[in-house]
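Worksheet for the structure shown next.
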Amino acid sequence: MAAPIPRDIPLPLPAPEGFLEILLVVAFLVHIVFVHLMIGGSLFSLVCQIRGLKVPDYEKLAYRIMQLVTVNKSMAVVMGVAPLLIINTLYAPQFYASSALIGDMWMAVIPLVTLAFLLAYVHKFWWRHFINIPELHIGIAALETALFLFIPLIFMTNVNLMLFPEAWPQVKGFVSALLLPNVIQRYLHFLSATVLSSSLLLVWWTGRKSFAQEVQFSKVRLLDVRRFFYAFAFGATLLQMLTGLLVFVSLPAQGMGWGFTLLLMLGGASALPAVYWMWQNLTRTDHLLDDNFKRIIASFACALVLMGIARHDYRENALADHQSAIKEKTANYQAAVKVAAEEAQLAAKALEEQPRGAGEIAFEQNCAACHHATLPTVGPSMQEIKELYAGDPSGLIAWTKAPGKKRPDSMAMPSFAHLSDAQLTAISGYILSH
Ligand code: HEC
């Protein structure tokens, strides 16, 4: 594998790995459903508002849909914390690497999300202020929607890049990571899921008993509005299947496995009945079958769970080799650190246990009080003495026996003529070799 293998920081996981994986799949699915509803709501509010230019009833609908967006937005953000934390925990080296490789754009998520939310608030809370300038209002809604649509692309680029460490050396920033073989397909698959889930939400929401009081249409029939959303759901489902297929064929083989393929097939199959039930409702002209709606939701819920598990399974397969390589590298590094620490300890101990030379002992007893190793104190430093008497031990000994008076600011050095020649030789040897 030509992938860079980072070294991990071996900390224990805060919970059993299997539990964290289940939690990741569940928390991610909850999060992504609200993300879809938030983005799709913004998109549908825009679509209805544009349609409202000609059919004013749709403008009322657009306003009501915007109420849903801000609720779903809060849910999406709150429910996004858990999966982000867990992915950071389970795939720390990979996620860190991919985040760093698209660093600028990854950081830009914060201002972009902030801006998108602020625009959503302006769009929703100042609805009446824009009544006479619908173009500007629609422009704001369009910018908000465009941001909402763009931000998931950053997330998707990141989680895709983390799956393929062998691509890391070639990737130079966001755009090149975006152009990796299967990002665009994944994004289109994501977009069709956005349209699908939010149009189904709107089918349900416009079908509630209280809806007729909340939004009073003057011309448009509620049935037609609901069929309008069914049409989107139907079309999005077909697109979903097509783009799903494109994702599947563009996925690098390293993550493929029988379990994964089986899960995908089961997921796709469990969505098929929903296509039929949607078609049934779409073609009715009298009233919609509410039981069909429940069935549709049940069938999509099955598909969603199976796809969610498949997605995780692919990631585990794709990263299996890389993760074990990191584990091995980390273990080797840990072992090397341990050996080095032991060696250093042994060396320190050996140094301590080494018998100190007679010269060193005699120096400390007789001279160290006035001569520091490097700094001038009462007398000049050992270093200075060494420079003065390099290669001249007898000169040093002669001075020590009968010191002269050299430095004007210093006191006179006392004589050490009482020491034996052997001691003086040892001392001078120590100073000059130090
Ligand atoms: C009580 C303080 C004191 C002690 C103890 C002492 N010295 Fe000194 N030593 C001095 C002072 C002060 C000078 C600077 C004298 C001067 O420049 O006139 C000096 C200077 C020297 C010099 C420099 C000579 C030069 O040519 O500049 C040497 C060499 C020296 N000491 C060696 C020794 C040795 C070896 C011992 C221990 C056996 C020792 N000293 C102990 C105070 C001391």
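Looking at segment 50-71, can you tell me whether even one residue there is in a helix (DSSP H, G or I) and closer than 18 Å to N158 by Cβ?
The answer is no; no qualifying residue exists.
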Item to check | Matching residues, segment 420-429, being in contact with a Gly (Cβ under 6 Å, 6 or more places away or on another chain) and within 9 Å of the ligand (Cβ to nearest atom) | outcome: I427
Checklist entry - So which residues in segment 387-419 are under 13 Å from G359 (Cβ atoms) and either more than 8 Å from the ligand (Cβ to nearest atom) or not polar (S, T, N, Q) (or both)? => result P393, L396, I397, L419
Checklist outcome for this item: Selection from segment 72-119 of residues of a type in the set (A, V, I, L, M, F, W, C) and not in a helix (DSSP H, G or I) yields I102
Item to check | Single match in N88, N72 (criterion: free of Cβ contacts under 8 Å to residues at least 12 places away in the same chain and polar (S, T, N, Q)) | outcome: N88
Checklist entry - So which helices (runs of 4 or more DSSP H) stay within segment 183-283 end to end and still have 1 or more residues that are in contact (Cβ under 8 Å) with a residue 24 or more places away in the chain, open to solvent by 70 Å² or more (accessible area, probe 1.4 Å) and over 19 Å from Y63 (Cα atoms)? => result 183-207, 222-250, 258-282
Checklist entry - In segment 168-180, what residues are surrounded by fewer than 19 Cβ atoms within 10 Å (Cβ to Cβ) and closer than 12 Å to A3 by Cα? => result P169, Q170
Checklist entry - Out of all the residues in segment 6-60, which are among the small types (G, A, S) and in contact with a Phe, Trp or Tyr (Cβ under 7 Å, 6 or more places away or on another chain)? => result S42, G52
Next on the checklist: Looking for something surrounded by 10 or more Cβ atoms within 10 Å (Cβ to Cβ) and touching a residue at least 40 places away in the same chain (Cβ under 8 Å) - is there at least one such residue anywhere in segment 332-353?
Outcome noted: yes
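One line per residue, one yes/no per condition, for (1) in contact with a His (Cβ under 6 Å, 6 or more places away or on another chain); (2) outside the structural domain of L136 (by TED's automatic domain parsing); (3) surrounded by 14 or more Cβ atoms within 10 Å (Cβ to Cβ); (4) at pLDDT 95 or above:
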{"site": "R7", "(1), (2), (3), (4)": "no, yes, no, no"}
{"site": "P12", "(1), (2), (3), (4)": "no, yes, no, no"}
{"site": "L23", "(1), (2), (3), (4)": "no, no, yes, yes"}
{"site": "I32", "(1), (2), (3), (4)": "no, no, yes, yes"}
{"site": "G41", "(1), (2), (3), (4)": "no, no, yes, yes"}
{"site": "V47", "(1), (2), (3), (4)": "no, no, yes, yes"}
{"site": "D57", "(1), (2), (3), (4)": "no, no, yes, no"}
{"site": "V69", "(1), (2), (3), (4)": "no, no, yes, no"}
Checklist entry - Can you spot a residue in segment 291-308 that is among the acidic types (D, E), part of a helix (DSSP H, G or I), in the same structural domain as L246 (by TED's automatic domain parsing) and surrounded by 17 or more Cβ atoms within 10 Å (Cβ to Cβ)? => result no
Checklist outcome for this item: Among (1) near the ligand (Cβ under 6 Å from one of its atoms); (2) under 60 Å from the mean Cα position of the chain (by Cα), S433 falls short only on (1)
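The values are calculated or read from the model by the stated rules, or taken from the named source; none is laboratory data. Quantities reported herein were computed from a predicted structural model and do not represent experimental measurements. Positions of Cβ are backbone-derived with ideal geometry, glycine not excepted, and every protein chain shown enters the neighbour counts. SASA here: full protein model, heavy atoms, side chains in, ligands and nucleic acids out. Shrake-Rupley method; radii C 1.70, N 1.55, O 1.52, S 1.80 Å.
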